[in-house]
1. Let me know the charge dipole size of the chain about its Cα centre in debye, to the nearest 20, where only the beta-carbon of Lys, Arg (+1) and Asp, Glu (-1) is charged.
2. Taking loop as defined by DSSP and a crowding limit of 15 other beta carbons within 10 Å, which GluC sites (Glu not before Pro) in the stretch 170-259 fit?
3. Test of understanding: what is the full-extension gain from Lys163 to Lys214, defined as 0.36 nm times their sequence separation minus their Cα-Cα distance?
4. Give me the Kirkwood hydrodynamic radius of the stretch 73-135 in Å, from all C-alpha pairs, to one decimal place?
5. Listed here are the pairs Lys4/Lys46; Lys110/Lys179; Lys7/Lys38; Lys104/Lys257; Lys152/Lys310; which of them are more than 30 Å apart at the Cα?
6. What Kirkwood Rh does the stretch 2-172 have if only Cα atoms enter the pairwise 1/r average? Answer in Å.
7. Counting helices only, and only those DSSP H runs with n ≥ 4, report the 222 nm mean residue ellipticity of the chain as the sum of -39,500 (n - 2.57) divided by its residues, in deg cm²/dmol to the nearest 500.
8. Relative contact order, percent, of the chain when contacts are C-alpha pairs under 8 Å separated by at least 6 residues?
Amino acid sequence: MANKAYKFRIYPDDEQKILFARTFGCVRMVYNHWLDRKIRQYEKNKTNVTYTACAKEMAELKKTEEYAFLKEVDSVSLQQSLRHLDTAFKNFFRQPKTGFPRFKSKKRNKNSYSTVCINDNIAIFNGYLKLPKIGQVRLKQHRPVPDGYRLKSVTVSQTSGGKYYASILFEYENQVQEKEMQSFLGLDFSMHGLYCDSNGNEAAYPGYYRKAEKQLAREQRRLSKMQRGSNNRSKQRIRVAKLHEKVSGQRKDFLHKQSRKIANDYDCVCIEDLDMKAMSQALNFGKSVSDNGWGMFTTFLKYKLEEQGKKLVKVDRFFASSQTCSVCSYKNTKTKNLALRAWECPQCGTHHDRDVNAAVNIRNEGMRLVIV
Ligand SMILES: [Zn+2]
């Protein structure tokens, strides 16, 4: 059995928004209440209050008049909150580096809650997501859920820009037939585009981010000048968050489309095993490396290939893809100079575009690794 999560945008009506807000609040309250309870007991006698004990106490608390409001929200979401708290505690004692669990605040923490599917109380149908105590919420399903997928759990969250999402976890029988590798594509990472492929095509990366970045920077400056705690400032904060979400949404959309096309057209895609963190530090490219979304793109590409029994192959990062002639294997050290965009092989005379030649080498190296 394997798990897979799908994230869909959801559109609650006004009444459902109120119910969501109430659930977010109750989940947070439960977390904080028992975090406090755990801290006090730990200080007293160095013992932990177990999940079972917390759940029992919660059941009792719900019977009191003061806490009767807890009965209005999805009870499983409250139990999940206690489970998350339990995990945070256990993680801390196992690995103190993770930090002591902190109280959740409305400001600092994202609004979210998780719930588990029991007896089909959660389901997707006809563009709606059925949730306990909430009812049917309109859902934008950008891709179909394959047959045989069983819904396990849902996490509902609200972004700071005010959008709602449902991240839905499915369980399925993992038996993809491995495909015979017949068509290969090499991709050479490119800083300003996204990549150049072994057929000489470039990903027409739209650079949304840079264009909108100026606007974002302007709005951010405006925000920083506004008086703390003022009404205008909180309005501006939402404007900035929305702009941010729009930009990253567009980029993600582009990366999904591009990876889908490649995963459908080829059996095996070969890339260089790049260490993006080291690269942006060493070369001080900073923004453009993290911006162009290569990491996200290769993640998308990998699962889109694998769900069809296809492969993403990573070629050793020290494999000299740009210095070797892809026709005769002559090694041209002059190409170490990044400014050299094209070159002629002194041995076989082939004229090379630097990036296409590198992509062809990456493809050939990947082929060599796959076809044994
Ligand atoms: Zn050559």
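1. Taking the Cα centre of the chain as origin, the dipole is about 2140 debye.
2. Numbers: sites: Glu171, Glu173, Glu178, Glu180, Glu202, Glu213, Glu219, Glu245; in loops: Glu173, Glu178, Glu180.
In loop regions of the stretch 170-259 (DSSP not H, G, I, E or B), the sparsely surrounded GluC sites (Glu not before Pro) are Glu173, Glu178, Glu180.
3. 16.0 nm
4. Details: mean 1/r = 0.0718 Å⁻¹.
Averaging 1/r across every pair of different Cα atoms and inverting gives 13.9 Å.
5. Correct reply: Lys4/Lys46; Lys110/Lys179; Lys7/Lys38; Lys104/Lys257.
6. On the way: mean 1/r = 0.0579 Å⁻¹.
By the Kirkwood definition, the hydrodynamic radius is 17.3 Å.
7. Calculated from helices alone, the mean residue ellipticity at 222 nm is -14500 deg cm²/dmol.
8. 16
No value in this document is a laboratory result; all are computed from the given coordinates. Bear in mind the structure is a predicted one, so any value in this text is a computation, not a measurement. Quick reminder, even Gly has a Cβ in these numbers, built from the backbone with ideal geometry, and neighbours come from all protein chains shown.
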